[in-house]
Structure formats: structure tokens, C-alpha cells
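Reviewing the structure listed below.
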Amino acid sequence: MLLPFASDGSVDWPSFRGLLGRTTEAGLTPAVNMDTGYVNLLDDATRVEVLRQTHDALGGLPFVAGAFVADRPGDAFDRDAYLARCEEIRTLGATPVLFQSYGLAHQPDEAIVSNYRSIASECDRFIGFELGEVFAPFGKIYNLQVYQSLMETPECIGAKHSSLEREPEWERLALRNSIRPDFHVYTGNDLAIDMIAYGSDYLLGLSAFAPDAFARRDALWEAGDAGWNQLNDLLQYLGFLAFRPPTPAYKHAAAMFLHARGWLHSSATHPDSPQRGAADQELLAQIAVLVDAASR
């Protein structure tokens, strides 16, 4: 879920609630306070308000939310802060997605596994998250041994993989199939959104641009309709444009795209988030017309 902003720099809560409604109407589960929601740039009050607004708007429908703990290189793992974030989310009936931090992820392998299992001892259900450094400097892609340890932690029901590379995700799928078939490998590869064809689920920033089109694509795939290829290719074209370097500027592309679709009042973003150039606006508007037609 993108967190929309108004032109005056305030959060556009009515548009946010509208996006939540469109997402659930499409049959997708909203993910809030994630990278697409600027979670690492939000103050505590806004982060908590996102959770409250989501809970109120969904009326008991499920959602997942990022559990983010800000720290600096060299900081120790802050278990208490992670547990507090998880409790905020679980209290509202949602599932935490454990964002990486320097203290959680930039440690020796044994310490990383110990950190996650320390959280698991107090949080009975969560989703892990590997985030490439192209998205955020505190991100880290784990080696396969660490990933297997996460998979062998019962409280970890799945993990998002955002390396933007196919091969490590294929390795994780093979591991999943061999040791824990109920584990969800959530692709975060916005440059290869066809990873669902290999067995991944998805937790994609790109799906925030067009939850209706993703739902349509998924239905075509489930039905064995070859038309899914054409819609997938269109969405991938959008992904290549939106997620080119600098990768974090994709959130501005999302705001421009959703504004072009008439889903937002403004294409403004968080003031500290990277911006795209004006030329993108025309391209995104053209793709929006195609996506709208294909989603019907």
C-alpha cells in the first residue's frame, strides 16, 4: 500500500482509505507501513495512525504491517523495540512483517538467527523480510543457511525476498518445497513479477499501482488462460519503468500512476522520498489507460 500525501505535505487519509477499499475489493490483502508506505521515514504518531486507519477501514478483514525499528550502523539488536512494534500490530489482529535493521540483520549468522528466534519466543506469527540495499541501506540478503533457519522457525510463516534477482529466489523455493511446503516465499522482485509461475506468492510494491489488474492477472493464471501473459507483460513494462534506479523513487511513480487513474487527489510524496522527473508523468498516464482497459 502506498501512503498518499496531499500537496501541502500532510497525509491524505481519505485517499488512503480508498486505496484500502480498492485493494480488498480486488481480493488482495493490504500490506501497510512497508517500504511503499515510507515506513522508515514516518514519525511514530503517523506510523500508529496508519495502523488505526487500516483497522477501522477494513472492519476486521486481514492485513499485514511492517514492524520497523530505526537504528544506525553498529547498533545492537533492540529486541524490546521489535516486540513493541509487533504488539502494536498483533493487537489489531494483523500479522507483523519484520523489517530488517542494522542490529537485527548486520550481525554474524548465528546472531541473526538468534535474534529472530528471540522475537519468535514472544510473537507467535510473523513474516520475515530480506531487503536488498538498493531499497534501503539497512537491508541485507541472507545466505541460504540463515534463510533455512528462518524457515525452520515455526512462528515465521513466510518471508519476503527483495533481491531483484531470480536465482536466489529459485533457491528459496526449492528449499521451501523440500523442507516446509506451507512456508510462503513472497516475491519482492518487481522486475520479475512472473515469479508466481514458479511457486512464489507476492508482496510487491508494484501491486500497489494496480491491485485490480494484479487480481485479474492472478485469475487468468489460475484459470490457465494464456491471456495472463499479455496482462503480466503490461504490468512488467510498468515495473521496469517505475523501479529503475534510483529504485526508491518508484514511490513517486506510484503516486503519479494512481493520480492518473483518478485514485488519488495528488501525486505528492513524502518530502524526504526521491522523486522522478516530469517526463515520467506522461508515460505513466499512457500506461494507466492500458491498465484500466486490461483490468475490466
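Quick one: which of S101, S7 is in contact (Cβ under 8 Å) with a residue 12 or more places away in the chain, closer than 20 Å to I127 by Cβ, out of contact with any Pro (no Cβ under 6 Å at 6 or more places or on another chain) and of a type in the set (S, T, N, Q)?
Of S101, S7, the one residue that is in contact (Cβ under 8 Å) with a residue 12 or more places away in the chain, closer than 20 Å to I127 by Cβ, out of contact with any Pro (no Cβ under 6 Å at 6 or more places or on another chain) and of a type in the set (S, T, N, Q) is S101.
Looking at (1) farther than 19 Å from G132 by Cα; (2) of a type in the set (V, I, T); (3) in contact with a helix residue (DSSP H, G or I) (Cβ under 9 Å, 6 or more places away or on another chain), find the lone condition where V146 falls short.
Every listed condition holds for V146 apart from (1).
In the range 259-271, how many are under 19 Å from F243 (Cβ atoms) and in a loop (DSSP other than H, G, I, E, B)?
Of the residues in that region, 4 qualify.
Just give me the residues in the range 33-67 being of a type in the set (D, E) and either assigned to a loop (DSSP other than H, G, I, E, B) or surrounded by fewer than 20 Cβ atoms within 10 Å (Cβ to Cβ) (or both), in sequence order.
Of everything in the range 33-67, those that are of a type in the set (D, E) and either assigned to a loop (DSSP other than H, G, I, E, B) or surrounded by fewer than 20 Cβ atoms within 10 Å (Cβ to Cβ) (or both) turn out to be D43, D44, E49, D56.
Residue check: is S295 among the small types (G, A, S) and crowded, with 20+ Cβ neighbours inside 10 Å?
Spelling it out, it is not the case that S295 is among the small types (G, A, S) and crowded, with 20+ Cβ neighbours inside 10 Å.
Determine, yes or no, whether A288 is more than 21 Å from S10 (Cβ to Cβ) and modelled with pLDDT of 95 or more.
Criteria met by A288.
Read through the list (1) within 23 Å of T23 (Cα to Cα); (2) aromatic (F, W, Y); (3) open to solvent by less than 50 Å² (accessible area, probe 1.4 Å), then give the number of the only condition that F183 fails.
(1)
Identify all residues within the range 138-171 that are more than 20 Å from G199 (Cβ to Cβ) and open to solvent by 10 Å² or more (accessible area, probe 1.4 Å); write none if there are none.
Selection gives F138, K140, N143, Q145, S149, P154, E155.
List, please: which pairs have Cβ atoms under 7 Å, are six or more places apart or on different chains, and start with a residue in the range 29-57 that is over 26 Å from D212 (Cβ atoms) and end with one that is open to solvent by 40 Å² or more (accessible area, probe 1.4 Å) and in a helix (DSSP H, G or I)?
Filtered contacts from the range 29-57: V48/E88.
Table: residues versus (1) outside any helix (DSSP H, G or I); (2) under 20 Å from V134 (Cα atoms).
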{"residue": "L220", "(1), (2)": "no, no"}
{"residue": "N232", "(1), (2)": "no, no"}
{"residue": "F240", "(1), (2)": "no, yes"}
{"residue": "R244", "(1), (2)": "yes, yes"}
{"residue": "A249", "(1), (2)": "no, yes"}
{"residue": "A254", "(1), (2)": "no, yes"}
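Name the residues in the range 259-280 that are open to solvent by 50 Å² or more (accessible area, probe 1.4 Å), closer than 19 Å to Y237 by Cα and at pLDDT 95 or above, would you?
Correct list: H259, A260.
Grab the strands (runs of 3 or more DSSP E) fully contained in the range 116-214, keeping just those with 3 or more residues being at pLDDT below 95 and among the aromatic types (F, W, Y).
It comes to none.
Could you figure out which of (1) assigned to a helix (DSSP H, G or I); (2) in contact with a helix residue (DSSP H, G or I) (Cβ under 7 Å, 6 or more places away or on another chain) isn't true of S15?
Single failed check for S15: (2).
Identify the residue in the range 76-92 that is part of a loop (DSSP other than H, G, I, E, B) and open to solvent by 60 Å² or more (accessible area, probe 1.4 Å) and, among all such residues, is farthest from A45 (Cα to Cα).
Among those that are part of a loop (DSSP other than H, G, I, E, B) and open to solvent by 60 Å² or more (accessible area, probe 1.4 Å), it is A76.
Can you go through F126, F135 and tell me which one is open to solvent by 10 Å² or more (accessible area, probe 1.4 Å) and either aromatic (F, W, Y) or over 18 Å from T36 (Cβ atoms) (or both)?
After ruling out the rest, the residue left standing is F135.
For the list (1) in contact with a strand residue (DSSP E or B) (Cβ under 9 Å, 6 or more places away or on another chain); (2) assigned to a helix (DSSP H, G or I); (3) among the polar types (S, T, N, Q), I need the number of the one condition that S7 fails.
So the condition that S7 fails would be (2).
The values are calculated or read from the model by the stated rules, or taken from the named source; none is laboratory data. Predicted model, so just to flag it, every value in this text is computed and none were measured. For neighbour counting, all protein chains shown are included, and Cβ atoms are generated from backbone atoms with ideal geometry for every residue, glycine included. The accessibility values were calculated without ligands, DNA or RNA, using every heavy atom of the protein model including side chains. Shrake-Rupley method; radii C 1.70, N 1.55, O 1.52, S 1.80 Å.
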